[in-house]
Number of protein chains: 2
Amino acid sequence: MVVAVRTDLRMGKGKMAGQVAHAAISTFEEARSKHRDWAEAWLSEGQSKIVVKVRSEKDLFMLRDEALDLDLPTALVQDRGLTQLPPNTTTCVGIGPGPAELIDRVTRGLKLL
Amino acid sequence: MVVAVRTDLRMGKGKMAGQVAHAAISTFEEARSKHRDWAEAWLSEGQSKIVVKVRSEKDLFMLRDEALDLDLPTALVQDRGLTQLPPNTTTCVGIGPGPAELIDRVTRGLKLL
């Protein structure tokens with residue numbers, strides 16, 4: 001699993017961690033409903049996840065679209081905007097779990113957060 | 001759901017976000033197996049989560065024990081120590097999802113990360 005987070009929003013680290021966790025649970029649920037074998041294998045193998053950064057909302061949507069083209073599970077997270085952000089700000093995207101070679105095709109080149 | 005994170009480890013924000021996501025998925029899975037109604041209600045109501053801080057490993061274990069005494073789902077996360085931390089460092093604990101009044105009994109008084 002890879003979660004890509006926007007750095008241009010300058011979220012605090014607690015806020016950011018919550019958003020990443022939200023993406024992780026949502027894309028895991030997506031995997032469980034569409035690729036149950038991928039979800040269960042990932043869970044039993046230690047649920048590895050990598051957090052990377054992107055610079056804009058546009059980059060998040062591009063990543064999501066590329067992942068969907070490969071039939072990978074994805075989840076965009078929109079914040080309800082009760083605290084640090086305007087309502088419905090898209091903060092991050094979760095991709096996977098799924099075959100590493102497919103996820104790599106989408107996320108290679110992105111830097112670790 | 002509340003995830004409490006150790007601040008004494010001085011993890012980077014990407015590392016921290018990954019650990020919080022790990023705790024969130026693990027305690028959610030724990031809820032799903034033991035209190036399926038709590039897990040499903042939480043998911044359908046927008047999966048709210050709060051990230052708070054603690055100062056030591058001892059504090060994490062105390063929180064976990066208090067949560068277990070109330071029969072809440074919990075998950076301690078140990079890092080495999082491949083990158084920033086020594087192997088098997090306990091980094092955070094996830095508590096819930098579950099009834100807010102029970103979770104509050106354990107986590108009230110903790111500060112937001």
For this session: Could you tell me the accessible area of A:T83 in Å² (1.4 Å probe, neighbours in place), rounded to the nearest ten?
Result: 100
Exercise. Using a Gaussian network for chain A with springs between C-alpha atoms less than 10 Å apart, which of these wobbles most: A:D79, A:D69, A:D59?
Worked result: A:D69
Problem set entry | Candidates A:I25, A:I95, A:I103, ranked by Gaussian network fluctuation over chain A, Cα under 10 Å, top entry | A:I25
Problem set entry | Over the protein assembly as shown: Kirkwood hydrodynamic radius from C-alpha pairwise inverse distances, Å | 17.4
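Using a probe radius of 1.4 Å on protein heavy atoms only, what is the accessible area buried between chains A and B, both sides summed, to the nearest 100 Å²? Let's see the in-between values first.
Working: alone 6570 and 6580 Å², together 11240 Å².
So the buried area, both faces added, is about 1900 Å².
Plugging the Kirkwood radius over Cα pairs into Stokes-Einstein for the stretch A:2-107, at a temperature of 20 °C and a viscosity of 1.002 mPa s, what D comes out in µm²/s? Could the numbers behind the result be given before it?
Values: Rh = 13.7 Å.
For these conditions, the coefficient is 156 µm²/s.
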Seminar exercise, completed: Counting other chain Cβ atoms within 10 Å of each Cβ in A:5-18 and taking the mean gives 5
Exercise. For the residue pair A:E101 and A:S48, what label-to-label distance in nm results when each label sits 7 Å from Cα along the Cα-to-beta-carbon direction?
Worked result: 1.6
For this session: State the Cα centre-to-centre distance between the stretch B:89-112 and the stretch B:22-38 in whole Å.
Result: 14
Exercise. Placing +1 at every Lys and Arg Cβ and -1 at every Asp and Glu Cβ, with all other atoms neutral, what dipole size does the stretch A:2-107 have around its Cα centre, in debye to the nearest 20?
Worked result: 580
Seminar exercise, completed: For B:L113, other-chain or 5+-apart residues with amide H closer than 5 Å (H placed, Pro excluded) are B:V51, B:V52, B:K53
Seminar exercise, completed: Mean separation of Cα contacts under 8 Å (at least 6 apart) over the residue count of chain B, i.e. the relative contact order in percent, is 39
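The values are calculated or read from the model by the stated rules, or taken from the named source; none is laboratory data. Treat the numbers as computed from the prediction; the structure is a model and nothing was measured. We place every Cβ from the backbone using ideal geometry, glycine too, and count neighbours over all the protein chains shown. Each accessible area value is taken on the protein alone, full model and side chains, heavy atoms only, with ligands, DNA and RNA left out. Shrake-Rupley method; radii C 1.70, N 1.55, O 1.52, S 1.80 Å.
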